[in-house]
Every structure is written in structure tokens, then in C-alpha cells.
Amino acid sequence: MALQVPIVNAPMGGVAGGRLAAAVSRAGGLGMIGMGSSATTAKLEDELAHTRGLDRPLGIGLIGWVVDREPALLDAALAARPALLSVSFGDDWSWVARAHDAGATTATQVADLDEARRAADAGVDVLVARGAEGGGHGRPRVGTLPLLAEVVEQMSVPVLAAGGIGSARALSAVLAAGAAGAWVGTALAACEESLLTDPARATMFDAHSADTLTTRAFDVALGYPWPLELPERVLRNTFTDRWRGREDEIDDAARDCLRAAIAADDYAVAPINAGQAVGQVTSTEPAAAVIARLAGTGT
Ligand SMILES: Cc1cc2nc3c(=O)[nH]c(=O)nc-3n(C[C@H](O)[C@H](O)[C@H](O)COP(=O)(O)O)c2cc1C
């Protein structure tokens, strides 16, 4: 799969829909539709509709434990004939052979060398070395550069770097360290083609690199069965100040307050997934402009 720009947009549930994926692919990278914790086949079909007529490769990213609960998601993703299929955060690898049979290249996110070995042994074609700086869910074990260095050194498959890549210099750094490309989430999350609302974008623009943390508080409150070792990196807010580390005490009043805040776009309480590169996200731009800037060909 020859790309003009070595950038894959990270599959971001509720953020990277068909419009963002198509824009990234048109800009010379590989766009991916992300299906997150609340994914359904209907939502995937809706997002795929935005990519009709696209004459560039496209990827789809799923979450392992969500596919376990809704196997039809994998069927729908494969029926769309993606160039790249990623399934992260699961340990049933049967999807790899099915994706290969459907002609897709396969990828998965790994947080340490053991995970990288298991994925490569399962036949995954591309490993995503996802460092602890990254936004959204992941095992925050090792920073991007040390993780990338050891995965590149020990494994023979191509490796994409993920976590904290938000500038042309950062992209150059991971390419110099042996990455085949970058898997970029936070830096593309506020693009005008993303599914984020304007208040969510504005909250990201105000945030600095030190304003994120990892937590399970939102998942516990919203009833998402993420495994214990997979917290999400989010912007710190009043909900995380109150409930991070006290998840067992989250009560109905807190749950109601959180749901109301999500419905009202109130990000003093509601979650925004973002990694430490958020400090470099300062305005709403078309994805093509962000891709050009990261690739060093834009302003
Ligand atoms: C808003 C947002 C949503 C995300 N949703 C998903 C998801 O649905 N599935 C997934 O595999 N990873 C998800 N991630 C994690 C990304 O795949 C990737 O690991 C991360 O964005 C890389 O770090 P960065 O945010 O610093 O670029 C998400 C990340 C963000 C920022």
C-alpha cells in the first residue's frame, strides 16, 4: 500500500468518521474510520457512506472486546474491503486470517514487547507501537520513543509509531527511529472533518500538554467494560478531579450528572480523549492542512 505521506489517522471512535478518513486519504495518508466502545454496524455503515466514490485506500479500526460482543461489526468491516483493518485491545486473533482472506493488510496497537511478539506470532502485518503519551484508550506502559526503538529492533514487520506525534519534527523523529510511519490521533481530532462538536474542539485548543491524564472514571460511570489495564488518556476536568481513583464510589447522581454534561456538550464534566500532543492543537483546520504541516510540506 503505497502512501504519499507516511501518516495513518488513528481510528478514533466518535471522532474519526468517514469524512475525516476520506480527507486524510485524499491528502495522501491513510484514512481510517474508528469504531469505539459504542460501535454498531449501523454506525459503521453510516460512516462508510461518507467515503463513497473515494478512489484512495481506506482503513477501518475496531476494538477487540467490542467485536467479541458484536461479531457482525467485523463482517461489516470486511465487506467494505478496507485496505487496512486494525483490531486493537483483544486477544482473539481469528480476525487476522479473515482479514487476510478479504485482502486486507492487518494492524494492531501494542504497548510493550510481549504484546508485539504475540501480535506478530498471530500473523499481524503491521505493528503500531503505541506509547503512553497517546490519547484515548491504551496500556500506558512505555513512552513512544523507547517502545518504538525496541519493537523496531526486535520485530521484522513494519512498525508505525503512535502517541504524542503532533508536529513535523515529531514525525521526523519517529521516522529516524525506524518507524514506517505515524498513527496520529490527537493532532487530527479537531480537524474540520472530524465528528467532534465545536465546544469539544474549543476545549482542546485551550488545553496544554500537561493537562491530560489516564483514568477509568468515565468508563466505569458509563458502564463500558474496558479491561482494568486499559484506561483512557483524557483532558483533566472536574469529573476526573472528583472520581479518578475513586471509581468504586461513583453513584447514580454522578452518572446522571455525567450523562447530562455529555448531552449538553459541557466539557468541564464530559470526557474528551486527547494525548499529550494536545498542546499543539490550536485551531480548526482541514485535515489536508494538518497532514501537509506534519509532512513538512505545509505552513
Ligand atoms: C479522540 C480519540 C479517540 C480514540 N478512539 C480510539 C478507538 O476507538 N479505537 C482505537 O483503537 N484507538 C482509539 N484511540 C487511540 C488511537 O488509536 C491512538 O492510540 C492515539 O490517538 C495515538 O496517540 P495520539 O493521540 O497522541 O496521536 C483514540 C484516540 C483519541 C485521541
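The values are calculated or read from the model by the stated rules, or taken from the named source; none is laboratory data. Everything quoted here is computed from the prediction, not taken from an experiment. Note that we place each Cβ from the backbone using ideal geometry, even for glycine, and neighbour counts take in every protein chain shown. For the accessible areas, the whole protein counts, side chains as well, though only heavy atoms, and no ligand, DNA or RNA atoms are used. Shrake-Rupley method; radii C 1.70, N 1.55, O 1.52, S 1.80 Å.
Comparison of Leu195, Leu175, Leu235, Leu171 shows that the only residue that is surrounded by fewer than 19 Cβ atoms within 10 Å (Cβ to Cβ), closer than 29 Å to Ala289 by Cα and within 17 Å of the chain's Cα centre (by Cα) is Leu195. Condition first: open to solvent by 30 Å² or more (accessible area, probe 1.4 Å) and out of contact with any helix residue (DSSP H, G or I) (no Cβ under 9 Å at 6 or more places or on another chain). Can you find one or more residues in the range 218-230 that meet it? There is at least one residue in the range 218-230 that is open to solvent by 30 Å² or more (accessible area, probe 1.4 Å) and out of contact with any helix residue (DSSP H, G or I) (no Cβ under 9 Å at 6 or more places or on another chain). The criterion of at least 1 residues that are near the ligand (Cβ under 10 Å from one of its atoms) is met, among helices (runs of 4 or more DSSP H) falling completely within the range 181-278, by 186-189, 198-206. Residues in the range 139-168 that are within 14 Å of the ligand (Cβ to nearest atom), open to solvent by 40 Å² or more (accessible area, probe 1.4 Å) and among the small types (Gly, Ala, Ser): 0 in all. Across the range 124-138, which residue is nearest to the ligand (Cβ to nearest atom) among those that are in contact (Cβ under 8 Å) with a residue 40 or more places away in the chain, open to solvent by less than 10 Å² (accessible area, probe 1.4 Å) and assigned to a loop (DSSP other than H, G, I, E, B)? Per the stated criteria, the residue is Gly134.
Conditions tested, residue by residue: (1) over 20 Å from Pro286 (Cβ atoms); (2) at pLDDT 95 or above; (3) part of a helix (DSSP H, G or I).
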site	(1), (2), (3)
Leu3	no, no, no
Ala21	no, yes, yes
Ala39	yes, yes, no
Gly59	no, yes, no
Leu62	yes, yes, no
Val67	yes, yes, yes
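Residues in the range 33-90 that are surrounded by fewer than 16 Cβ atoms within 10 Å (Cβ to Cβ), within 29 Å of Gln4 (Cβ to Cβ) and within 16 Å of the ligand (Cβ to nearest atom): Asp46 only.
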